[in-house]
Amino acid sequence: MNLKEIELIKNNKPIVISGPCSAESEKQLLSTSIALAKSGKVDVIRAGVWKPRTRPNNFEGVGVKALEWLRKVKEETGLPVAVEVANFQHVFDALKYQIDILWIGARTSANPFSVQEIANALEGVDATVFVKNPVNPDIELWIGALERLSQAGVTKLAAIHRGFAKYGESRYRNEPQWQIPIELKRLYPNLPIICDPSHICGNRVCIPQVAQRALDLDFDGLMIESHIDPDNALSDKQQQLTPDALDKLIGSLVVRHKEVEDQVLSRKLESLRHEIDVIDDDMLLLLEARMKVADKIGQVKKDKGMTILQTTRWNEIIEKTMIKAEKMGLSRQFLTSFLKSVHQESINHQNIVMNKGKDSVQEPEKINSNE
Ligand code: PEP
Ligand code: MN
């Protein structure tokens with residue numbers, strides 16, 4: 001990806017994007033934006049103009065006329081503005097009204113046809129585009145959306161982490177699954193990543209904690225929804241802050257340094273990191289040894305005509321390990337997902353042993369891949 005620096009995203013200060021989920025009226029948008037600008041803590045005003053709603057018959061945004069209101073917002077506050085675009089026409093209208101930043105929403109970035117349509121509309125335009133993660137936890141799809149824009153010549157790109165759809169009970173509206181944006185950062189160190197705690201939380205209470213977590217993970221900024229009267233908002237009312245609450249929140253966040261300047265501390269950190277590297281190497285060797293045992297078990301099962309998956313044995317492992325783990329201060333959630341991956345890898349190994357010589361055998365890493 002050919003990435004150029006985005007002027008608004010500075011190295012030492014996280015960018016703050018705020019504004020209503022939806023532009024509802026000129027008065028609501030202007031009063032919210034002016035109050036946000038007054039705080040001096042907001043760098044960009046956001047507003048949804050075309051709203052993708054999960055169910056029909058909800059407020060779907062006011063459309064083009066809000067772009068005129070955003071022009072006034074720019075005039076009154078001097079701040080750049082950002083809107084969500086989902087198709088060719090949205091891009092065309094947003095550019096016509098000189099919207100400074102376009103963002104692609106989570107539902108749109110999950111659809112390569114729509115992303116390609118947007119990318120085509122942006123060919124030859126020096127636009128700044130932020131891409132939210134797709135609703136489903138698929139890093140390839142997220143990268144694919146960024147690549148489509150990059151291939152159309154967009155160089156001022158950033159990613160927005162807004163959490164991933166969940167199934168069942170959770171304290172989040174969208175699960176953060178931090179490992180996914182962290183992996184994106186590892187793959188594209190020059191791609192800025194902004195966190196959207198409003199859509200991760202779905203409520204006001206958890207926003208500060210998620211915002212601080214993002215900064216601690218060295219994210220480049222935050223997008224947080226705010227509304228002059230959140231309780232009466234036409235969309236996402238539970239996750240919008242008043243401009244005053246946003247001001248307080250931003251003021252309370254701690255921005256930590258990437259590197260330590262103190263020599264002694266820096267050496268201490270280096271030695272602790274070395275300790276981690278050694279432990280990681282040991283862990284790899286242990287996993288290798290475990291898989292070799294799995295191969296042997298696979299052979300025994302093959303010889304005796306047994307199935308690979310034996311649920312009772314697997315439950316025993318989980319129960320036994322959980323009891324030990326809790327005493328060691330390891331969380332149940334972490335250990336369950338860790339053991340599940342290890343178990344899956346053992347099954348893949350046994351599968352290979354059992355089916356050796358048959359044409360239908362797939363490599364373990366190919367089993368879960370999406371094309
Ligand atoms: C939004 O930012 O208001 C929005 C619709 O977000 P997402 O695409 O993350 O659901
Ligand atoms: Mn919203």
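Only the coordinates and a few stated rules stand behind these numbers; no lab work does. All values derive from a computational prediction rather than experimental measurement. Please note: Cβ atoms are built from the backbone with ideal geometry, for glycine as well, and neighbour counts cover all protein chains shown.
Counting 0.36 nm for each residue step from residue 245 to residue 75 and taking away their Cα separation leaves a gain of 58.8 nm. Considering only beta bridges that DSSP places wholly inside the chain, some 5 percent are antiparallel.
Residues within the reach of a label modelled at residue 253 (point 7 angstrom out along Cα to beta-carbon, backbone nitrogen below 18 Å), restricted to segment 120-142, are 130-133. Within straight-line reach of residue 302, meaning a Cα separation under 22 Å, sit the following lysines at least 8 residues removed in sequence or on another chain: 292, 356, 358. Full extension of the chain segment joining residue 340 with residue 231 gains 35.1 nm, where the gain is 0.36 nm per residue of separation less the Cα-Cα distance. With the cut-off at 31 Å, tell me which of the pairs 72/248; 41/268; 185/340; 4/268; 132/248; 237/327 have Cα atoms farther apart than that. Where the Cα-Cα span goes over 31 Å, the pairs concerned are 41/268; 4/268; 237/327. Other residues within the sphere of radius under 11 Å centred on the Cβ of residue 343, judged by their own Cβ, net out at +2 (K and R +1, D and E -1). Its relative contact order, with pairs defined as Cα atoms under 8 Å and 6+ residues apart, puts the chain at 14 percent. Rounded to the nearest 10 degrees, the angle from helix 207-216 to the longest Cα principal axis of the chain is 70 degrees.
Between residue 266 and residue 68, the distance separating the two model label sites (each 7 Å from Cα on the Cα→Cβ line) works out to 5.8 nm.
Taking Lys and Arg as +1 and Asp and Glu as -1, the other residues whose beta-carbon sits under 12 Å from that of residue 296 total +2.
Applying 1/(1 + (r/R0)^6) with r as the Cβ-Cβ distance of residue 182 and residue 289 and R0 = 30 angstrom yields a FRET efficiency of 0.60.
Taking label positions 7 Å along the Cα-Cβ direction at both residue 55 and residue 13, the computed distance is 4.3 nm, reported to one decimal. Roughly speaking, what % of Cα-Cα pairs in segment 255-360 are separated by over 17 Å, rounded to a whole number? In whole percent, the share of Cα-Cα pairs in segment 255-360 beyond 17 Å is 68.
Note on residue 171 and residue 302: their simple-model spin labels are 4.7 nm apart, each label 7 Å out from Cα toward Cβ.
What do you get for GluC sites (Glu not before Pro) in segment 261-321 restricted to DSSP loop and a cutoff of at most 11 other Cβ within 10 Å of the site's Cβ? Those satisfying the criteria are 261.
Between 0 and 90 degrees, rounded to the nearest ten: what's the tilt of helix 65-77 against the longest Cα principal axis of the chain? Value to nearest ten degrees: 80. Each other residue within a Cβ distance under 14 Å of residue 126 adds +1 if Lys or Arg and -1 if Asp or Glu, for a net charge of -2. On the beta carbon distance between residue 87 and residue 310, with R0 = 51 Å, the FRET formula returns roughly 0.50. If you model the chain as an ellipsoid using its alpha carbon gyration tensor, with each semi-axis the square root of five times an eigenvalue, the axes come out at 43, 25, 21 Å, biggest first. On a 0 to 90° scale, report how tilted helix 243-252 is relative to the longest principal axis of the chain, with both axes built from alpha carbons and the result rounded to the nearest 10. The helix 243-252 is inclined about 50 degrees to the chain.
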